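Here it is, the structure in full.
Any read-out appearing in this document is the output of simple, stated calculations on the displayed coordinates, not a laboratory observation. These numbers were taken from a predicted model, which means no experiment stands behind them. As a convention, Cβ positions derive from the backbone with ideal geometry for all residues, glycine included, and neighbour counts pool all protein chains shown.
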Amino acid sequence: MTQNEIHEPISLLDDTGLPKCFGWSRQANFLYEPEMVYAPRHKITESDRYIVHSPTHMVVFEIKDDSWLGYMGISIISLREKKRFTQIYNSFIPFGAYKMPNSSISGSVRWQRKKTHLDFINMDGGRIIKADIPKYEPNRSMRCALVLYEPEEAQSIMISQSYHNSKNAFRLSLCSPWFFVEGVIQFGSTEIVFTRGHAWGILDWNRNVRPKADILYWAAACGQSEGRLLGFCVGYSWANFSQGSENGFFIDGVLHKLNQVTFHIPSNWLSPWRFTSNDNRLEMTFYPHQERNDRHRFFLHSSTRRQVFGFFSGKAQLDDGSVIEFHNLTGFAERSKIRN
């Protein structure tokens, strides 16, 4: 399957507000202008999600505006014990009130409710995550300050995809699975420390006009092996990915593009999964540790997400033909469903 690589910045939309450009890019080359989108506001989804992990914990931070339903959520997952803590704050009909940035490389976003807040701050060479939740649990607070650093000359993978049965629906997504992380999370009396070289992070950035229904399979991980920074993101949905898939393996922040990747999911989601690619460049096994289910519904809009957290091992063929093996990269896999 020949895919369309975009090398220069280009507007995602034509003069009428319909998506016109589809493919993939190594940088944030698809320019998103929400005021130009030809679609009802209740069809637009905008989300920023960061997944960070240390040797002991994985933490997921998310701010999402689904138009009908918005939320801020933070999950803390213990990688040594089968324990997970999640706090979600819902808000109804935000319709753009979160003021999500138009770009993944500039602008910041703050979610705030009284004394509770979560901030994603862009800075030169990285990001800052700050949170203060006085009542994360009845008897525990949660506060954090994390700095995410980019590798030098790092690349991302950005895709723009259409949907076969909707002329104005599109999926615009960017993934950067290669951040170094430093900082501290204070969770009650527990202190989770992130130190460079022992902690990593992933950015999952999305701006979409939703079709009537969609199912998305997605997985990502990052970490270090033999002194090199490794990461990947793979996935597929009901969108048309003939011009650009979101599949890529990263070495020290440099993208090695993959074609199509298939998830071989067992009936028991906590059993090992297999992942293969049609170009025979990726073969890996996922060993789940625990799972989490997420459900949201408001009027006719509903979304569900089933996530499993664990460790990936396997091998990938790079662009120069060499093969790299990896073991126990920390990450997750998920299936999301939406219906409008």
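Give the lysines reachable from Lys315 as a straight Cα distance under 21 Å; neighbours fewer than 8 places away on the same chain don't count.
Lys257
Tell me, what ³J(HN,Hα) does each residue in the range 321-333 have, in order and in whole Hz, if you take phi through Karplus 6.51 cos²θ - 1.76 cosθ + 1.60 with θ = phi - 60° and put x for Gly and Pro?
x, 6, 10, 10, 9, 9, 9, 6, 6, 7, x, 7, 9
Here's a follow-up. Working out 0.36 nm times the residue gap between Ile10 and Tyr38, then minus their Cα-Cα distance, what length gain in nm do you get to one decimal?
Answer, rounded to one decimal: 8.3 nm.
Using Cα pairs under 8 angstrom and six or more residues apart, how large is the relative contact order of the range 211-340, in percent?
RCO, the range 211-340: 25 percent.
Sorted from largest down, give the three principal axis spans of the alpha carbons of the range 98-216, whole angstrom values.
In descending order, the Cα extents are 52, 38, 25 Å.
Now, a different point. What number of lysine-lysine pairs in the range 54-125 show an alpha-carbon separation below 26 angstrom, given a sequence spacing of 8 or more or placement on distinct chains?
Going through the range 54-125 pair by pair, I get 6.
I need the calculated FRET efficiency for the pair Ile105 and Ser267, taking r as the beta carbon distance and R₀ as 56 Å, to the nearest 0.05.
Plugging the Cβ-Cβ distance into 1/(1 + (r/R0)^6) gives 0.85.
How many nm is it between the label spots at His327 and Ser189, if each spot is 7 Å from the Cα in line with the beta carbon?
3.7 nm
Add +1 for every Lys or Arg and -1 for every Asp or Glu among the other residues with Cβ under 12 Å from the Cβ of Ala213, and state the total.
+3
Please report the Cα spread of the range 194-338 along all three principal axes, rounded to whole Å, starting with the longest.
For the range 194-338, the Cα extents along the three principal axes come out at 50, 35, 30 Å.
With θ set to phi - 60° and the Karplus curve 6.51 cos²θ - 1.76 cosθ + 1.60, what are the ³J(HN,Hα) couplings of the range 176-191 in order, to the nearest whole Hz, using x for Gly and Pro?
Couplings: 10, x, 7, 6, 8, 10, 9, x, 9, 10, 9, 10, x, 8, 8, 10 Hz.
Shifting gears a bit: Between Gln260 and residues 5 or more places away or on another chain, which pairs have amide H atoms under 5 Å apart, with H built 1.01 Å from N, and which residues are they?
Asn278, Asp279
Shifting gears a bit: To the nearest 20 debye, what charge dipole does the chain have about its Cα centre, counting +1 at the Cβ of each Lys and Arg and -1 at the Cβ of each Asp and Glu?
For the chain, the charge dipole is close to 1660 debye.
Provide the three semi-axes, in whole Å and in decreasing order, of the ellipsoid equivalent to the chain as defined by the square roots of 5 times the Cα gyration tensor eigenvalues.
27, 26, 19
Okay, next question. Checking the cross-link filter: which aspartates and glutamates have an alpha carbon closer than 15 Å to that of Lys212, excluding same-chain neighbours under 8 positions apart?
Once the sequence-local aspartates and glutamates are set aside, what remains near Lys212 is Asp66.
Mind listing the long-range amide H neighbours of Leu255? Cut-off is under 5 Å, sequence gap 5 or more, other chains count too, H placed in the peptide plane at 1.01 Å from N.
Gln155
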